[in-house]
């Protein structure tokens with residue numbers, strides 16, 4: 001399993017590393033307002049994405065034995081739903097423009113509606129690769145698609161296309177990814193579709209689908225509200241900080257959970273083995289996520305200015321809050337949910353989501369009535385409460401010791417806080433890069449030394465896997 005984790009993580013690093021480079025260049029060529037404009041449409045697309053497969057993708061991964069006909073039936077269902085979503089968004093484009101009060105959104109929305117149909121053509125290949133825990137091919141496809149679409153977007157931005165450079169980047173990313181998956185994955189869909197095939201996995205998929213609806217829609221409402229209430233640049237700043245915080249989450253929770261889900265599904269009958277893996281995985285994810293959170297929190301201002309210029313400095317303020325709210329509570333919470341879903345408790349995940357989203361709605365109310373400043377504190381409170389809920393239920397079903405979990409987290413957080421405080425003494429006015437380098441060195445050194453004394457076996461595991469990956 002750990003080899004799969006590192007293949008997935010390496011793909012993330014290459015793809016998102018280059019994606020970050022592209023984002024840095026585009027941020028210097030295109031104003032925050034333009035990023036806010038495209039963000040208004042992308043958030044709608046992200047919310048609607050769940051209707052592509054109705055949770056059948058997760059159902060296929062969780063199901064132990066799947067034949068070719070079931071894959072084909074789900075593929076054609078995905079294509080049909082994507083066609084419907086593409087048509088609806090294309091027709092409703094003028095209303096999206098009217099909602100946000102931005103007339104040029106009509107043509108942008110129509111162009112981006114194609115993302116549904118194009119993306120659906122590669123969904124089943126990704127599911128098959130994930131079920132087989134083959135993340136090498138997915139990493140190759142994602143990396144190549146990111147590079148090609150990024151280069152083209154930069155060329156278009158240099159020619160003055162601005163927001164349309166961002167539009168073409170999104171579309172071409174999907175197109176290239178689908179083409180590469182079709183070339184590298186042997187599976188091809190048959191001309192076969194039966195409702196009975198969908199019914200076989202609907203009992204699990206229905207819970208997952210409902211969960212994804214709540215998760216997708218409610219998690220994006222903050223961006224919709226900000227886009228509605230504030231000028232586009234505010235959404236641009238907010239989205240930039242959110243994307244950076246998501247980078248940290250993707251290197252921890254997504255990398256581990258993407259592999260963990262099929263691993264747990266394939267070992268459902270061996271609870272002792274899963275518990276052992278959980279404890280070790282928990283410590284690794286906690287160390288990596290909290291360590292990265294401490295690092296990026298300490299250099300938030302310097303990082304934004306170095307990467308995107310001082311025009312984007314407002315994003316650093318939002319970014320520091322999101323680091324606290326998301327970057328270690330979300331990875332650990334996602335790990336808990338992955339364990340429950342992998343064991344077949346999709347109904348429990350739905351119940352947990354209903355509880356957590358009730359709290360999230362309260363946070364959104366503060367955004368609407370009290371403004372974005374108060375909302376930033378509200379999302380921190382929400383994240384901590386959400387993690388406590390997740391950890392309680394995974395301990396209930398897997399008999400995990402919460403005393404061990406919370407005590408380990410407290411030690412990690414204490415070391416992280418001390419590391420951050422020590423780094424804040426560094427302040428050479430006018431030397432932004434020097435400040436960032438010295439702060440990073442202090443935080444990483446202090447944190448790793450502290451973690452070595454409280455969990456050296458986890459440090460050894462991380463170190464050995466990195467060395468083994470380099471050697472290969």
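Residue-wise test of (1) outside any helix (DSSP H, G or I); (2) without any contact (Cβ under 8 Å) to a residue 60 or more places away in the chain; (3) within 24 Å of residue 225 (Cβ to Cβ).
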{"site": "60", "(1), (2), (3)": "no, no, no"}
{"site": "69", "(1), (2), (3)": "no, no, no"}
{"site": "75", "(1), (2), (3)": "no, no, no"}
{"site": "78", "(1), (2), (3)": "no, yes, no"}
{"site": "86", "(1), (2), (3)": "no, yes, no"}
{"site": "90", "(1), (2), (3)": "no, yes, no"}
{"site": "98", "(1), (2), (3)": "no, yes, yes"}
{"site": "111", "(1), (2), (3)": "no, no, no"}
{"site": "116", "(1), (2), (3)": "no, no, yes"}
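Which one of the conditions (1) at pLDDT 90 or above; (2) within 30 Å of residue 438 (Cβ to Cβ) does residue 310 fail to meet, given that it meets all the rest?
Looking at each condition in turn, residue 310 falls short on (1).
Out of curiosity, is residue 330 under 24 Å from residue 277 (Cβ atoms), surrounded by 14 or more Cβ atoms within 10 Å (Cβ to Cβ), touching a residue at least 24 places away in the same chain (Cβ under 8 Å) and under 20 Å from the mean Cα position of the chain (by Cα)? Walk me through it before giving the result.
Working: under 24 Å from residue 277 (Cβ atoms): yes; surrounded by 14 or more Cβ atoms within 10 Å (Cβ to Cβ): yes; touching a residue at least 24 places away in the same chain (Cβ under 8 Å): yes; under 20 Å from the mean Cα position of the chain (by Cα): yes.
Here the answer is yes, as residue 330 does meet what is asked.
The rows are residues; the columns are (1) modelled with pLDDT of 90 or more; (2) surrounded by fewer than 17 Cβ atoms within 10 Å (Cβ to Cβ); (3) in a helix (DSSP H, G or I).
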position	(1), (2), (3)
141	no, no, yes
170	yes, no, yes
183	yes, yes, yes
199	no, yes, yes
216	no, yes, yes
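Within segment 406-427, is even one residue over 28 Å from residue 317 (Cβ atoms) and either in contact (Cβ under 8 Å) with a residue 24 or more places away in the chain or surrounded by 18 or more Cβ atoms within 10 Å (Cβ to Cβ) (or both)? Give the steps one after another, and end with the answer.
From segment 406-427, those over 28 Å from residue 317 (Cβ atoms) are 406-408, 411; that's our starting set.
Within this subset, residues satisfying the condition of being either in contact (Cβ under 8 Å) with a residue 24 or more places away in the chain or surrounded by 18 or more Cβ atoms within 10 Å (Cβ to Cβ) (or both) are 408, 411.
For segment 406-427, residues over 28 Å from residue 317 (Cβ atoms) and either in contact (Cβ under 8 Å) with a residue 24 or more places away in the chain or surrounded by 18 or more Cβ atoms within 10 Å (Cβ to Cβ) (or both): present.
Looking at 170, 138, can you tell me which residue is within 24 Å of the chain's Cα centre (by Cα) and under 24 Å from residue 337 (Cα atoms)?
138
Report yes if residue 316 is touching a helix residue (DSSP H, G or I) at 6+ places or on another chain (Cβ under 6 Å), within 30 Å of residue 33 (Cα to Cα) and either outside the structural domain of residue 34 (by TED's automatic domain parsing) or in a helix (DSSP H, G or I) (or both), otherwise no.
Answer is yes for this residue.
What is the residue count in segment 53-70 for residues that are at pLDDT 80 or above, in contact with a helix residue (DSSP H, G or I) (Cβ under 9 Å, 6 or more places away or on another chain) and surrounded by fewer than 22 Cβ atoms within 10 Å (Cβ to Cβ)?
Result for segment 53-70: 2.
Is segment 4-16 home to any residue that is at pLDDT below 90 and either closer than 19 Å to residue 223 by Cβ or not assigned by TED's automatic domain parsing to the domain that holds residue 119 (or both)? Walk me through it before giving the result.
From segment 4-16, those at pLDDT below 90 are 4-16; that's our starting set.
Filter once more, keeping what is either closer than 19 Å to residue 223 by Cβ or not assigned by TED's automatic domain parsing to the domain that holds residue 119 (or both): none.
No, that holds for no residue.
Kindly indicate whether residue 360 is closer than 27 Å to residue 444 by Cβ, out of contact with any strand residue (DSSP E or B) (no Cβ under 8 Å at 6 or more places or on another chain) and assigned by TED's automatic domain parsing to the domain that holds residue 389.
Working: closer than 27 Å to residue 444 by Cβ: no; out of contact with any strand residue (DSSP E or B) (no Cβ under 8 Å at 6 or more places or on another chain): yes; assigned by TED's automatic domain parsing to the domain that holds residue 389: yes.
Considered against the rule, which asks whether it is closer than 27 Å to residue 444 by Cβ, out of contact with any strand residue (DSSP E or B) (no Cβ under 8 Å at 6 or more places or on another chain) and assigned by TED's automatic domain parsing to the domain that holds residue 389, residue 360 comes out as no.
Please go through segment 111-123 and give me each residue that is modelled with pLDDT of 90 or more and closer than 13 Å to residue 72 by Cα, ordered by number.
Within segment 111-123, 120, 121, 122 meet the criteria.
So if I check each of 49, 102, which one is over 22 Å from the mean Cα position of the chain (by Cα) and under 20 Å from residue 227 (Cα atoms)?
Result: 102 is the single residue among 49, 102 that is over 22 Å from the mean Cα position of the chain (by Cα) and under 20 Å from residue 227 (Cα atoms).
Which residues, counting only those in segment 428-453, are within 30 Å of residue 274 (Cβ to Cβ) and surrounded by 12 or more Cβ atoms within 10 Å (Cβ to Cβ)?
447, 448, 450, 451, 452
Picking from 256, 282, 296, 261, which residue would you name as being in the same structural domain as residue 435 (by TED's automatic domain parsing), farther than 20 Å from residue 452 by Cα and at pLDDT 80 or above? Spell out the reasoning first.
Values: 256 fails: at pLDDT 80 or above; 282 fails: farther than 20 Å from residue 452 by Cα; 261 fails: at pLDDT 80 or above.
After ruling out the rest, the residue left standing is 296.
Exactly one of these conditions fails for residue 248: (1) at pLDDT 75 or above; (2) more than 23 Å from residue 131 (Cβ to Cβ). Give me its number.
Exception for residue 248: condition (1).
Looking at (1) surrounded by 16 or more Cβ atoms within 10 Å (Cβ to Cβ); (2) out of contact with any helix residue (DSSP H, G or I) (no Cβ under 8 Å at 6 or more places or on another chain); (3) at pLDDT below 90, which is the only condition residue 76 fails?
All conditions pass for residue 76, except number (3).
The values are calculated or read from the model by the stated rules, or taken from the named source; none is laboratory data. Being a predicted model, the structure only gives us computed values, none of them experimental. Here the Cβ is made from the backbone with ideal geometry for all residues, glycine too, and neighbour counts use every protein chain on show.
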